[in-house]
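Only one structure is covered here, and it is reproduced in the block below.
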Amino acid sequence: MLRSLAILAILVLCAGPLASQPAVPLADLGKLRSDSNAGRLQALREILKAHGIPFEVQTFTSDRGEGHNLVAAFGAGSREIVVGAHYDAVKLKDGTLSHGMVDDGAGVIALVRLAEALRGRPLRHRLRIVFFDQEELGLLGSKAFVAALKPADAAVVANVNVDIVAYGDTLVFGGGKGEANGPLVRALQRVCAARRLACIEFSPHFPAGDDRSFDAAGIPNVSIGFGPAADAHQLWLLLNGGKDSGLKEGFAPNLLQNMHSPGDTLEKIDPATIDRTSGLLQDLVLELDSTLDGGSAQGDKRE
């Protein structure tokens, strides 16, 4: 009997998806609360250093001033996977800065946990985890990142954008279309199935995010978010249902009501959703790493 139980335990451990870490405390997320995006940048730098995650600062100039993307790189190869989330928060109508916990502080912390989980793990691809600046000003940080890609750099074969992963257990996703995007979407669907997640594909419309910068450059991309099942379905109807959606005029799901409002606060966050997101991202990166073409080693600069 004991021998049978031991064998069963081994089979379960081997067959299941990559295990996620225990639910993350909200302490790091709370540090991102600031009166300015410069303060959020400094807080993020301190969080990454506290977790021992090496990173590079990529400074860029836009028509809205100087910006700073933070980039953590792992693995090696002539082809790479980019996973990103934006750390800047929107300025509200009264001139104050949103707390930016739902949009997109929770996504930032999910990426910090992803970096912790995959640090030191052998990968066929180079993985770059990017914390984008100036998303709220027109996707300017991701545009600058894509514009700075050079032919000598590793070719980006997939981009995963993480935005609005604060609460709920239903995954919503959308992104680039066409044959080149197929392997990325199918990999996400396999991970969803393995994790037994409810996953809703938004077509043809999905909320705009930093994935659009990669899409404009012809790079396969997908953007993911989480929400309660009812909110996820209502959001799909709002964006894709047209005049037959059944929604009242002016209706907005609770998920949208929290964004760009004074209600985007730490109290809205469910740590289990951040945990769920980081676990899914771990599995997705490893799935892409094993199924997409790899490449030869290439170094990277870190802070």
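The values are calculated or read from the model by the stated rules, or taken from the named source; none is laboratory data. Given the structure is predicted, the values throughout are model-derived calculations rather than measurements. So basically every Cβ, Gly included, is an ideal-geometry build from the backbone, and we count neighbours across all protein chains shown.
Remarks
- Test: residue in the range 268-276 that is buried (at least 18 other Cβ atoms within 10 Å of the Cβ), more than 19 Å from the chain's Cα centre (by Cα), under 20 Å from Val162 (Cβ atoms) and not charged (D, E, K, R): no
- Residue count for the range 78-90 under the criterion of being touching a Leu at 6+ places or on another chain (Cβ under 6 Å) and either under 15 Å from Val108 (Cβ atoms) or not β-branched (Val, Ile, Thr) (or both): the result is 3.
Per-residue answers, yes or no, for (1) within 27 Å of Leu137 (Cα to Cα); (2) touching a strand residue (DSSP E or B) at 6+ places or on another chain (Cβ under 6 Å); (3) among the small types (Gly, Ala, Ser):
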position	(1), (2), (3)
Val222	yes, yes, no
Gly242	no, no, yes
Lys248	no, no, no
Leu256	yes, no, no
His260	yes, no, no
Ser278	yes, no, yes
Glu287	no, no, no
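- Taking the range 109-223 as the region of interest, the strands (runs of 3 or more DSSP E) fully inside it that hold 2 or more residues being surrounded by fewer than 24 Cβ atoms within 10 Å (Cβ to Cβ), of a type outside the set (Val, Ile, Thr) and free of Cβ contacts under 8 Å to residues at least 60 places away in the same chain are 198-201.
- The residues in the range 14-44 that are within 19 Å of Val165 (Cβ to Cβ), in a loop (DSSP other than H, G, I, E, B) and modelled with pLDDT of 95 or more can be counted, and the count is 2.
- Taking the conditions (1) surrounded by fewer than 18 Cβ atoms within 10 Å (Cβ to Cβ); (2) of a type outside the set (Asp, Glu); (3) modelled with pLDDT of 95 or more in turn, Lys243 satisfies each one other than (3).
- Residue in the range 87-104 that is part of a strand (DSSP E or B) and either free of Cβ contacts under 8 Å to residues at least 24 places away in the same chain or buried (at least 16 other Cβ atoms within 10 Å of the Cβ) (or both) present: yes
- Selection of the range 76-108 for residues being in contact with a His (Cβ under 6 Å, 6 or more places away or on another chain) and not charged (D, E, K, R) yields Gly77, Ile81, Val90.
- Just one residue in the set Ile47, Ile7 is modelled with pLDDT under 95, among the β-branched types (Val, Ile, Thr), out of contact with any His (no Cβ under 8 Å at 6 or more places or on another chain) and not in a strand (DSSP E or B); that residue is Ile7.
- Matching residues in the range 214-261 - criterion: being out of contact with any Ser or Thr (no Cβ under 8 Å at 6 or more places or on another chain), of a type in the set (Ser, Thr, Tyr) and over 30 Å from Ala147 (Cα atoms): Ser245
- Criterion (within 14 Å of Val285 (Cα to Cα), of a type outside the set (A, V, I, L, M, F, W, C) and at pLDDT 95 or above) met by exactly one of Glu135, Glu116: Glu116
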